[in-house]
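J.: Take this structure first; my questions come after.
The values are calculated or read from the model by the stated rules, or taken from the named source; none is laboratory data. As the structure is a computational prediction, the values presented were derived from the model and not from experiment. Neighbour counts run over all protein chains shown; Cβ positions are idealised from the backbone, glycine included.
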Amino acid sequence: MVEPILSSWLFVDYILPFVLVFTLIFAILQKSKLLGDEKKQINAIIGMVVGLILISFPFARDVVVKLMPFLAVSAVILLVFMLLYGFISGKKDGDVLNKGLKIALGIIMGLGLITVLLIITGAWDYIWNYMFNQDKGNQILINVFLIIILTGAVAAVVSGKDKDDK
C-alpha cells in the first residue's frame with residue numbers, strides 16, 4: 001500500500017524540520033532587523049543555512065521532530081482554555097457575573113479541561129486506581145482534604161479580620 005506523502009519519512013524527518021527552522025530563523029531576523037532593514041536575501045540565506053545544518057545532524061533534527069507534536073497539542077489545549085475562559089469572562093455592558101464568580105467558573109473550567117485531558121490520554125485510570133485502590137492513595141487523599149480544609153479556615157480568618165477592621 002502506498003504511504004501518504006505527509007507521513008513519509010522524507011517529509012517528516014527532513015522537509016518539515018527544514019521548513020520550520022528556516023521560517024523561524026527568517027522571521028526572527030526580519031522582525032529583529034539584526035542585519036538591517038531591507039536584508040531579506042541575507043536573512044533567507046542565513047535561515048536556509050541554519051535549516052540545512054539542522055537536518056544534517058540527526059540528534060538535533062530528532063529533538064525538533066519529537067517536540068513538534070507536543071507543541072501542537074499544547075497549542076490546541078491553550079486555544080481551548082482561552083476560548084472557554086473567553087466565554088466566562090467576556091466583557092459586556094450588562095455583565096451579570098461578578099469577579100468572584102468568574103474566578104470560580106474559571107477554576108471549574110480549568111479542572112474540567114484537565115480531567116478531560118487525563119481521560120483522553122488514559123492517565124485517568126492510573127490516577128484513579130492509585131488514589132482509591134491502594135493504601136498510599138487513601139493517605140494522600142486524606143492529606144489533600146486536610147490541606148483544603150486548613151486553607152479554607154485560614155482564608156476565612158483572614159477575610160473575617162478585614163471585615164472587622166472596617
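J.: Need pairs with beta-carbon distance below 6 Å; first residue farther than 17 Å from residue 49 by Cα and within region 1-25, second modelled with pLDDT under 85 and not aromatic (Phe, Trp, Tyr); sequence gap 6+ or separate chains.
T.: Hits for this filter: 11/5.
J.: Please pick out the residue among 55, 88 that is over 19 Å from the mean Cα position of the chain (by Cα) and in contact (Cβ under 8 Å) with a residue 24 or more places away in the chain.
T.: Step by step, each of 55, 88 is checked, and only 55 is over 19 Å from the mean Cα position of the chain (by Cα) and in contact (Cβ under 8 Å) with a residue 24 or more places away in the chain.
J.: I would also like to ask the following. Which count do you get for residues in region 38-47 that are surrounded by 15 or more Cβ atoms within 10 Å (Cβ to Cβ), more than 29 Å from the chain's Cα centre (by Cα) and not charged (D, E, K, R)?
T.: Number satisfying all stated conditions: 3.
J.: Being modelled with pLDDT of 75 or more and surrounded by fewer than 13 Cβ atoms within 10 Å (Cβ to Cβ) is the filter here; which residues of region 83-95 pass it?
T.: Of everything in region 83-95, those that are modelled with pLDDT of 75 or more and surrounded by fewer than 13 Cβ atoms within 10 Å (Cβ to Cβ) turn out to be 83, 86, 87.
J.: Which of the residues spanning region 96-153 are surrounded by 13 or more Cβ atoms within 10 Å (Cβ to Cβ), farther than 18 Å from residue 76 by Cβ and under 17 Å from the mean Cα position of the chain (by Cα)?
T.: 106
J.: Residue 80: farther than 23 Å from residue 15 by Cβ and at pLDDT 85 or above, yes or no?
T.: yes
J.: Being touching a Leu at 6+ places or on another chain (Cβ under 6 Å), aliphatic (A, V, I, L, M) and closer than 29 Å to residue 121 by Cα is true for just one of 72, 60. Which residue is that?
T.: 60
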